[in-house]
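Peer 1: My questions all concern the structure below.
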Amino acid sequence: MEVATDLVRKGQQPSVTDAAAAAGVHRATAYRYFPTTQSLLAEVAIEIVTPDFDRTFAEGHFTGVDSSDAVALMDAGVRTLAELMFNEEAAFRNIVRATVDRWFAEREHREVDPDVVRQTHRFEWIDHALAPIEDSLSTDLFCRLRFALALIMGAEALIVTRDVCRLQADEATQVMRWAATTLIQGALAT
């Protein structure tokens, strides 16, 4: 895992065989733990992109973060994830590459299993941030808000803000923060 993580951080997409060779582990042993390159990359992605959830949302970690303020909590989550994404951009881009490859591989089966195609932790962050306002929104509006917020954090947001919008990391972070705030305030005003 350590060797594979290092290779991904360097912008490579190692196969199980590549990672085993670089780590000095027998290929059969590596395949016992990671039967496919996708399974290896999924574990690497989790290792790389899982910031300390508790630290991020601890009161006082970010100036002005109040555990009853959904906007401030979401802003803390977006800032933390954006900082990580732009520091580990190659890893996040590899996550997208692995996700797309898994989607095509899974399409060969009769039914696409979404859990095979992509695991996500962003809803842990979103749900924590929205907890203070969940009861003040209708179920439908709350669900739409969750899904809309999922669009502005993660690897997809990195690609859109960097490649489509051509923003620098600080500008991209500001756009993501503004979008999160605007979405939450808009939902509350409805």
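Bear in mind these aren't lab numbers, they're just calculated from the coordinates by the rules spelled out. As the structure is a computational prediction, the values presented were derived from the model and not from experiment. Note that each Cβ is placed from the backbone with ideal geometry, even for glycine, and that neighbours are counted across all protein chains shown.
Peer 1: For Phe34, Phe147, what ranking results if the residue with the fewest other Cβ atoms within 10 Å of its Cβ goes first?
Peer 2: Taking fewest neighbouring Cβ atoms as first place, the list is Phe147, Phe34.
Peer 1: Using a basic spin-label model with each label point 7 Å from the Cα along Cα→Cβ, how many nm lie between Leu188 and Arg166?
Peer 2: 3.6
Peer 1: With viscosity set to 0.692 mPa s and temperature to 37 °C, compute the Stokes-Einstein D of the stretch 1-49, Rh being the Kirkwood radius across alpha carbon pairs; µm²/s, no decimals.
Peer 2: 318
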